[in-house]
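The values are calculated or read from the model by the stated rules, or taken from the named source; none is laboratory data. Treat the numbers as computed from the prediction; the structure is a model and nothing was measured. With ideal geometry, Cβ positions are generated from the backbone for all residues, glycine too; neighbour counts draw on all protein chains shown.
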Amino acid sequence: MNRRRGRFGRPEIVGLMFAAPWLVGISIFGLYPIVSSFYLSLCRYNIIRPPAFIGIENYSILFTEDPLFWKSLWNTVYLTAFGLPVQLGFALAAAMLLNMKVKGQSVFRTLTYLPTVVPAVATAILWVWILNPEYGLLNSVLRFIGLPAPGWLSDPTWSKPALILVGIWGTGNTAIIFLAGLQQVPRALYEAATVDGAGILQQFRHVTLPMLSPVIFFNLVMGIIGSFQYFTHVYVMTAGLGGGGRGAGGPEFSTLVYPLYLYQNAFLFFRMGYASAMAWILFLIVAVILAFVFRTSSWVHEDS
Amino acid sequence: MERFAFLRPFRHVPAYVLLSILAGCFAVPFIWMLSSSLKDTGQIFQFPPTIFPNPVIWDNYQKAVNFIPFLRYLGNTLIICTGAIIGNVLSASLVAYSLGVLRWNGRDHLFKILIASMLLPPQVTMVPVFVIFRSLGMIDTYWPLILPSFFGAPFFIFLLRQFFLGIPQELTEAARIDGCSEFGIYWRVVVPLSVPALATVVLFSFIWTWTDFLTPLIYLQDQNKFTLSLGLQQFQESNRAEWGMLMAAATLITLPIIALFFAAQKTFIEGIVTTGLKG
């Protein structure tokens with residue numbers, strides 16, 4: 001490529017033309033909505049009547065008068081702060097098991113991955129049944145081995161752990177990516193570590209973790225994003241406890257996650273301006289968290 | 001060491017025990033779903049629960065198909081899936097050609113924006129996008145579920161670009177010297193060489209459309225237009241205790257995806273791994 005940088009000519013025109021579908025798409029479905037939702041967030045807007053400008057009222061109501069806003073934010077932060085590390089740790093452990101050199105691994109790998117292709121609605125309904133306090137499989141097993149059997153989705157203290165549990169069942173994706181990362185770690189590194197007298201834990205600490213850090217970083221970023229748009233499972237698992245989507249998020253709003261409350265405001269209460277303010281806050285929170293994660297990513301081993 | 005040589009045949013036993021526990025944890029919910037779908041009400045609420053239904057009841061499937069109505073929703077879902085697949089394959093391959101094969105100033109900046117746009121939660125843009133489709137009179141139609149695919153989904157563009165980068169430049173150069181237009185190179189050289197990657201796009205856009213719940217929930221109102229995911233959820237909302245029927249319906253909506261997974265396991269795993277490792 002001998003073309004001078006910064007020149008605009010025929011190749012640029014052709015390049016932009018091929019990229020046109022996405023350029024149009026990101027403008028209509030990305031940039032315009034971000035700008036537009038900022039304007040709407042400053043309006044009272046119920047979609048039937050045109051938006052009426054009210055300044056920062058939506059934001060001040062959110063911050064000072066709406067306990068559900070803080071509740072939903074807390075619920076999402078809870079699931080990210082406690083659920084995500086558990087799920088990542090579980091996926092990594094599973095990947096290490098699946099990386100062992102034994103016969104029949106492909107069967108184990110398939111079984112681990114399979115839950116992730118199940119439609120989210122089916123997963124959610126299945127787990128409502130498994131977590132059923134009286135007749136569900138999980139509590140039957142817990143009672144059988146003499147452990148307490150909590151109410152799971154009907155008990156505010158156990159509902160979020162229940163969601164995390166369902167999340168663990170779907171970590172096959174993450175595990176497969178970890179596994180691919182593990183397979184790329186050169187065997188020579190482990191052999192060298194063994195020669196130096198490193199035990200299994202030391203090998204994990206000084207070989208596996210650093211070599212895997214780019215993959216851990218990727219899964220962490222995807223996990224954070226996934227957590228801030230977590231919707232379908234919780235909607236299906238809790239809707240209908242009292243009046244369709246309006247009842248979703250129970251009991252006692254303990255599973256009212258941020259995207260769910262945003263959805264309810266926009267499409268059930270038709271407070272589109274209010275929902276737009278929530279969308280913008282979500283945008284800022286995700287941006288700040290990701291900036292922080294990328295800033296503090298010095299632990300990620302760059303090799304390529 | 002030698003003293004324990006007789007243990008050598010058993011050295012993999014701990015590994016198998018751990019792997020079996022792991023695989024068991026993932027498999028049991030499936031077995032439970034299948035088993036519950038074949039039980040009548042009496043067996044469902046029996047304590048302690050049994051894994052093998054006795055007798056095996058097939059009624060739940062018949063009831064689920066009739067009540068949901070399964071075939072209608074299957075047809076609706078397939079229409080939307082077809083539209084989304086066509087859109088994703090066409091648009092993502094064009095954009096990936098620009099970002100992976102063509103060489104032009106600004107290309108790499110655009111690629112970075114593409115990656116960044118993948119990090120945007122859809123909830124941020126949900127309200128204005130709804131307003132757009134409403135002003136176009138497209139609420140309660142399939143357009144909001146299909147049209148966005150024609151504007152290049154970043155994940156698919158990324159996937160195809162990674163693949164296109166691996167196509168030897170000599171091939172595209174040769175075609176260019178022979179006087180082939182850029183579109184001709186795209187259509188006659190790059191696309192035929194990329195069938196495996198395009199298959200990945202087809203596969204994932206089928207599954208994501210099949211599985212999608214939020215978009216149909218927002219845009220579809222008429223029950224006759226529902227997709228399987230939305231229909232199943234609505235059915236569950238009004239029949240919360242019909243576990244046998246619900247599990248039968250959940251099995252039915254899951255089976256096609258699982259069949260597809262086994263038919264195209266390699267394509268699947270490679271798609272997942274590409275995003276994680278080459279990103």
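Of all residues assigned to region B:251-267, none qualifies as being more than 17 Å from the chain's Cα centre (by Cα) and either touching a residue at least 40 places away in the same chain (Cβ under 8 Å) or closer than 20 Å to A:R109 by Cα (or both).
Here is a check on your reading of the model: is A:V118 surrounded by fewer than 20 Cβ atoms within 10 Å (Cβ to Cβ) and either under 30 Å from B:F206 (Cα atoms) or out of contact with any Cys (no Cβ under 8 Å at 6 or more places or on another chain) (or both)?
Working: surrounded by fewer than 20 Cβ atoms within 10 Å (Cβ to Cβ): no; either under 30 Å from B:F206 (Cα atoms) or out of contact with any Cys (no Cβ under 8 Å at 6 or more places or on another chain) (or both): yes.
No.
Is at least one residue of region A:89-111 more than 13 Å from chain B (Cβ to nearest Cβ), within 21 Å of the chain's Cα centre (by Cα) and surrounded by fewer than 20 Cβ atoms within 10 Å (Cβ to Cβ)? For region A:89-111, residues more than 13 Å from chain B (Cβ to nearest Cβ), within 21 Å of the chain's Cα centre (by Cα) and surrounded by fewer than 20 Cβ atoms within 10 Å (Cβ to Cβ): present. Looking only at region B:205-237, residues that are more than 8 Å from chain A (Cβ to nearest Cβ) and not in a helix (DSSP H, G or I) come to 6 in all. Restricting A:F267, A:F253, A:F178, A:F228 to residues that are free of Cβ contacts under 8 Å to residues at least 40 places away in the same chain and either touching a helix residue (DSSP H, G or I) at 6+ places or on another chain (Cβ under 7 Å) or within 14 Å of chain B (Cβ to nearest Cβ) (or both) narrows the list to A:F267. Identification of helices (runs of 4 or more DSSP H) wholly contained in region B:104-192 with 1 or more residues that are free of Cβ contacts under 8 Å to residues at least 40 places away in the same chain, surrounded by fewer than 21 Cβ atoms within 10 Å (Cβ to Cβ) and within 11 Å of chain A (Cβ to nearest Cβ) yields B:107-117, B:126-135, B:169-177, B:182-185.
Would it be correct to say that B:L71 is within 26 Å of the chain's Cα centre (by Cα) and over 19 Å from B:T251 (Cβ atoms)? Steps first, please.
Details: within 26 Å of the chain's Cα centre (by Cα): yes; over 19 Å from B:T251 (Cβ atoms): no.
Answer is no for this residue.
Determine, yes or no, whether A:I130 is over 19 Å from B:V28 (Cβ atoms) and facing chain B (nearest Cβ under 8 Å). It is false that A:I130 is over 19 Å from B:V28 (Cβ atoms) and facing chain B (nearest Cβ under 8 Å). With respect to B:S93, determine if the residue is touching a helix residue (DSSP H, G or I) at 6+ places or on another chain (Cβ under 6 Å) and modelled with pLDDT of 95 or more. So B:S93 fits the description; yes.
Set side by side, the residues A:F270, A:F253, A:F292, A:F283 differ, and just one is farther than 24 Å from A:W129 by Cα, assigned by TED's automatic domain parsing to the domain that holds A:Y78 and outside any helix (DSSP H, G or I), which is A:F270. Within region B:32-62, restricting attention to residues that are farther than 17 Å from B:L255 by Cβ and part of a helix (DSSP H, G or I), the residue that is modelled with the highest pLDDT is B:D59. Quick check on region A:168-189: of everything there that is crowded, with 19+ Cβ neighbours inside 10 Å, within 16 Å of A:L209 (Cα to Cα) and not aliphatic (A, V, I, L, M), which residue is nearest to the chain's Cα centre (by Cα)? Looking at the filtered set, the residue picked out is A:T174. As a summary of the residue check, B:R240 satisfies the conditions (1) facing chain A (nearest Cβ under 10 Å); (2) farther than 30 Å from B:I139 by Cβ except for the one numbered (2).
A residue that is hydrophobic (A, V, I, L, M, F, W, C), buried (at least 22 other Cβ atoms within 10 Å of the Cβ), in contact with a helix residue (DSSP H, G or I) (Cβ under 7 Å, 6 or more places away or on another chain) and farther than 30 Å from B:N60 by Cα occurs nowhere in region B:213-232.
Determine whether B:S20 is more than 7 Å from chain A (Cβ to nearest Cβ), free of Cβ contacts under 8 Å to residues at least 60 places away in the same chain and not hydrophobic (A, V, I, L, M, F, W, C). When the stated conditions are applied, B:S20 passes them.
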